[in-house]
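Worksheet for the structure shown next.
The values are calculated or read from the model by the stated rules, or taken from the named source; none is laboratory data. It should be emphasised that the depicted structure is a prediction, and the values quoted were computed from it without experimental measurement. Cβ atoms come from the backbone with ideal geometry, glycine included; neighbour counts cover every protein chain shown. Calculation scope for accessible area: heavy atoms of the full protein, side chains included, ligands and nucleic acids excluded. Shrake-Rupley method; radii C 1.70, N 1.55, O 1.52, S 1.80 Å.
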Amino acid sequence: MNAMNMDIPVIQTNLDPTRDRFADKPLIEITLGDKLDQMAALYPNNECIVAPEYEVRWTWKDFAEQTDRVARGLMAMGVKKGEQVAIWATNVPEWPLIQFASAKIGAVLVTVNTNYKQFELEYLLHQSDTHTLITIDSVRGNSYIQHVRSICPELDTSAPGSFTSAKLPCLKNVVYIGKPENTPSGFYHFDELYRLAETVPVDALSERRASLNPHDVISMIYTSGTTGFPKGVMLTHFNLVNNGQGMGDRMKFTERDRLLIVVPLFHCFGCVLGVMSSLTHGTTMVLMERFNALREMEILQSERCTAVHGVPTMFIAMLEHPEFARFDFSHLRTGIMAGSPCPIKTMRDAIELMHLHEITIVFGQTETSPGMTQTRADDSVDLRVSTVGFPLPHTQVRIVDPETNEEVPNGTPGEFVGKGYNLMKGYYKMPEATSLVIDKDGWLHTGDIGVRMDNGYFKVTGRLKDMIIRGGENIYPREIEEFMYTHPAIKDVQVVGVPDKKYGEEVLAFVIIREGMQASPEELIEFVREGMSRYKAPRYVEFIDEMPMNAAGKILKYKLRELGIERLHLEQAASIETA
């Protein structure tokens, strides 16, 4: 995740971050399953999961009982403690069922980006050692079933649970969410989990749960970097419950709140800032399968939601929708806006026109569970549009000199580093990559540049990394470059971000074509669009004879970015970005 990046004066207030009313609240030593059962006992008849598009309304008691049954079903499929269960789905009701059922048996939930295609899926399932994959049919023409069957053709001639994959030796089960009659060959249907649950005694689940520890890893969310393929961030019950508690406290969540979760559940924005903040406060979770501005406004109104999370482009789409004026948002109060830099006007309009007077800003990244800093619901508007708040309770955040690792004075730019309960266990099977971001003293280096103000609030001002943030989606150039290298006409390719008025940044690929070969920009863009998630496809392709390099032979991406802005005449967008 990244947060807002604006350079306007901070209004000093009398609020003292060290006097946060939640700062003295102790950390919680509890598993996700036990926390869920705790809330079900407190609010048994309150709505827990509401999915209007699926006519689902589960109380906390209903939901806790269903997760027990699904957990026993997973045990019947042979899922052991510490094994990986991957879910590849939009925000369907089965998603949180799997999230909590897997946690109740000590399995590790692997979240799969809904934009993935075969190339990305195969890597993730192999690298994560996934034992059971649960998937829907397709999204917007992207056939998940086709991708799975292409990777595992053995499914076509095998009974559910009895196939052996040559490419994915750890994968034993594939489960289908959808109409039973459409269940593909070799797949279990999701309803089979309920039938199989009857073969596992209730006592067996109780014994499994008794063996769990709050510090066990139960979530693996994949994130990328500038030097390699996605890495599985290992998070524990302890990480997630406490991060949800801290962020929910800052929003003043209670059992009377109703949060619309339209941000993807596969991302920490959905499954932590959304689900965990709700879990820890008894807040109703209203699920929307995927973003549509008009549909979101309809659900916000009909479900009388009090809170909503989103990236700036989501709020912009609603605020600028021609039917915006006909909706009643008077019941809205809070939520989180994060994911990418937010225009000041968008924040002010969300507060004034959508009644989000207590909306907050969160800064962090998956490796920190993900929240590091957050504004308060009662902070001034100026603080909420110019800063990313101050550290969550029981965490430490510093700004250090990237070269010396020494803390710098207030007002001096440096790298964000963090430490605390929210720090990941590490990257799955990647100890070297882990050691590159967590130093010998246990500080996680985010790669983001910021400053600490005299009032204790932090601002984000830039990035050390080459990561691109397009409309809230993190895009990692190296991953796109690796894929584009597979095109026969490409000799060399370098991907950079360039400013864009609508999305904040867009993807630009500089390409050197092999001698004697040809390719058009349109052809290369379509090549990426067909082979990877559509949002990763370059908006622009520029041909170049040679890449700018320093004396050591390192490609100077900042020079390519400058060249891209010049060639594409994006000077105006660049000036808005830095204003």
Just give me the residues in region 483-499 being under 16 Å from residue 534 (Cβ atoms) and part of a strand (DSSP E or B), in sequence order. 495
Residue by residue through region 139-162, note down the ones that are open to solvent by less than 50 Å² (accessible area, probe 1.4 Å) and not in a helix (DSSP H, G or I). 139, 142, 143, 152, 158, 161
Per the filter on region 245-277, residues out of contact with any helix residue (DSSP H, G or I) (no Cβ under 7 Å at 6 or more places or on another chain) and under 17 Å from residue 64 (Cα atoms) are 255
Residue in region 132-147 that is modelled with the highest pLDDT, counting only those that are of a type in the set (A, V, I, L, M) and out of contact with any helix residue (DSSP H, G or I) (no Cβ under 7 Å at 6 or more places or on another chain): 145
Can you name every residue in region 346-355 that is open to solvent by 30 Å² or more (accessible area, probe 1.4 Å) and either aliphatic (A, V, I, L, M) or in a loop (DSSP other than H, G, I, E, B) (or both)? 353, 355
Given (1) surrounded by 17 or more Cβ atoms within 10 Å (Cβ to Cβ); (2) closer than 26 Å to residue 230 by Cα; (3) modelled with pLDDT of 95 or more, identify the lone condition not met by residue 560. (3)
Looking only at region 107-117, filter to residues that are modelled with pLDDT under 95 and not basic (Lys, Arg); which one of those is most open to solvent (accessible area, probe 1.4 Å)? 115
Selected residue [at pLDDT below 90 and under 17 Å from residue 313 (Cα atoms)] from 478, 470: 470
So is residue 166 over 20 Å from residue 87 (Cα atoms), open to solvent by less than 80 Å² (accessible area, probe 1.4 Å) and in a loop (DSSP other than H, G, I, E, B) or not? no
Given 302, 330, which one is touching a residue at least 60 places away in the same chain (Cβ under 8 Å), over 22 Å from the mean Cα position of the chain (by Cα) and open to solvent by 40 Å² or more (accessible area, probe 1.4 Å)? 302
Just name the residue that is nearest to residue 236 (Cα to Cα) out of those in region 305-318 that are of a type in the set (A, V, I, L, M, F, W, C) and open to solvent by 10 Å² or more (accessible area, probe 1.4 Å). 311
Can you list residue pairs whose Cβ atoms sit under 6 Å apart, with the first residue in region 195-207 being exposed (fewer than 15 other Cβ atoms within 10 Å of the Cβ) and the second being of a type in the set (A, V, I, L, M) and assigned to a helix (DSSP H, G or I)? Count only pairs 6 or more apart in sequence or on different chains. 199/76
Filter pass, residue 358 being of a type in the set (Asp, Glu), modelled with pLDDT of 95 or more, open to solvent by 10 Å² or more (accessible area, probe 1.4 Å) and farther than 26 Å from residue 220 by Cβ: yes
Selection over region 40-84 where residues are β-branched (Val, Ile, Thr) and within 12 Å of residue 102 (Cα to Cα) yields a count of 3
Output the residue which, of all residues in region 305-326 that are without any contact (Cβ under 8 Å) to a residue 24 or more places away in the chain and part of a loop (DSSP other than H, G, I, E, B), is farthest from residue 357 (Cα to Cα). 322
Identity of the residue in region 364-419, of a type in the set (A, V, I, L, M), assigned to a loop (DSSP other than H, G, I, E, B) and within 21 Å of the chain's Cα centre (by Cα), that ends up nearest to residue 474 (Cα to Cα): 388
Going through region 71-99 in order, the residues found to be farther than 11 Å from residue 173 by Cβ and small (Gly, Ala, Ser) are 71, 82, 89
Out of curiosity, is residue 528 of a type outside the set (Phe, Trp, Tyr), in a strand (DSSP E or B) and open to solvent by less than 30 Å² (accessible area, probe 1.4 Å)? no
On the basis of being open to solvent by 10 Å² or more (accessible area, probe 1.4 Å), in contact with an Asp or Glu (Cβ under 8 Å, 6 or more places away or on another chain) and either assigned to a helix (DSSP H, G or I) or under 27 Å from residue 115 (Cα atoms) (or both), does residue 572 make the cut? no
Going by the structure shown, is residue 121 over 23 Å from residue 195 (Cα atoms), open to solvent by less than 10 Å² (accessible area, probe 1.4 Å), part of a helix (DSSP H, G or I) and modelled with pLDDT of 95 or more? yes
Where in region 220-290 are there strands (runs of 3 or more DSSP E), lying wholly inside it, with at least 3 residues that are open to solvent by 10 Å² or more (accessible area, probe 1.4 Å)? 228-236
When you scan region 69-106, how many residues do you find that are touching a His at 6+ places or on another chain (Cβ under 8 Å) and buried (at least 22 other Cβ atoms within 10 Å of the Cβ)? 4
Can you say whether residue 524 is modelled with pLDDT of 95 or more and under 24 Å from residue 338 (Cα atoms), as far as the supplied structure shows? no
Taking region 415-446 and keeping residues modelled with pLDDT under 95 and polar (S, T, N, Q) leaves 446
So which residues in region 93-115 are part of a loop (DSSP other than H, G, I, E, B) and either over 18 Å from the mean Cα position of the chain (by Cα) or not β-branched (Val, Ile, Thr) (or both), if there are any at all? 93, 105, 106, 107, 113, 115
Can you tell me which residue among 391, 477 is buried (at least 19 other Cβ atoms within 10 Å of the Cβ), out of contact with any His (no Cβ under 6 Å at 6 or more places or on another chain), closer than 20 Å to residue 242 by Cβ and not small (Gly, Ala, Ser)? 391
